[in-house]
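The values are calculated or read from the model by the stated rules, or taken from the named source; none is laboratory data. Predicted, not measured: the structure shown is a model, and the values here were computed from it. Glycine gets a Cβ as well: all are built from the backbone with ideal geometry, and neighbour counts include every protein chain shown.
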Amino acid sequence: NIQGFIFDLDGVLTDTAELHYLAWKKLADEEGIPFNSQDNEALRGVSRRASLMLIVGDRPYTEAQIQEMMERKNSYYMELIQNMTSKDLLPGAIAFLDELRQAGIKIGIGSASKNARTVIKRLGIADKVDAIADGYSVQQPKPAPDLFLYSAKQLGLEPAQSIVVEDAAAGIEAALAAGMWAVGLGPVERVGAAHVVLPSLEGIKWADLRAKLSD
Ligand code: B16
Ligand code: MG
């Protein structure tokens, strides 16, 4: 009996993967580290620090240098998200959020990003969500269940009453570890562990999705 939806942000409601990529790419170029858009796929849904670690590999950076690089990448990313508008919502996102609200279903955001609040504001959907769990909410990043458990608590729901919509393997893993329902958006190779896999939110109706979950 599902009473609430927890949406991942990047890759589900908007496609910031490209902006994260541009920011990481600029940093990697400055550091002389090879990095391309294919490498960027491995960073989907991964926290800022873990992403940087994947990029630098075994290069011997100090903790101070790592901190500085995380801040530098974030300043590039923050510049890029300033230009976002509601046009940057992915197809079907608004229609589905509105349908859920009308059905009386609670809506939370569960994003690993420390910039989630800014992005939500820029997208113009702040008044459509009941609660936001972001990169400041918990210590353990996805695939740990902590962020989604925090989000369900914000909504006043039990895990079994909650459904997570995610585009990243680490996010599906986190949702299942939390004991929640999971909807994966994207290729089966990435999100195949979810209860239901869909190409995107485009054309999705709550009644159809509910029917798929009870199959
Ligand atoms: P920040 P999500 C994730 O957001 C992104 O997918 C990932 O690429 C990013 O590194 C992470 O947030 C941290 O973001 O550097 O802005 O704190 O998919 O969980 O909404
Ligand atoms: Mg994501």
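The table that follows gives values for the structure above.
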read-out	value
Test result for Ile163, under 19 Å from Arg48 (Cβ atoms) and among the β-branched types (Val, Ile, Thr)	no
Residues satisfying the stated conditions in the stretch 3-58, i.e. more than 11 Å from ligand 1 (Cβ to nearest atom), modelled with pLDDT under 95 and either closer than 30 Å to Gly124 by Cα or of a type in the set (Gly, Ala, Ser) (or both)	Ser37
Conditions (1) within 16 Å of ligand 2 (Cβ to nearest atom); (2) farther than 30 Å from Gly179 by Cβ; (3) touching a helix residue (DSSP H, G or I) at 6+ places or on another chain (Cβ under 8 Å); number of the one not met by Glu18	(3)
Scan of the stretch 106-155 for residues that are within 14 Å of ligand 2 (Cβ to nearest atom) and acidic (Asp, Glu), ordered by number	Asp134
Residue count, the stretch 101-131 (criterion: surrounded by fewer than 17 Cβ atoms within 10 Å (Cβ to Cβ) and among the aliphatic types (A, V, I, L, M))	2
Test: residue in the stretch 85-96 that is in contact with a Ser or Thr (Cβ under 7 Å, 6 or more places away or on another chain), part of a helix (DSSP H, G or I) and closer than 30 Å to Lys212 by Cβ	yes
Some residue of the stretch 9-17 being surrounded by 14 or more Cβ atoms within 10 Å (Cβ to Cβ) and either touching a Pro at 6+ places or on another chain (Cβ under 8 Å) or free of Cβ contacts under 8 Å to residues at least 24 places away in the same chain (or both)	no
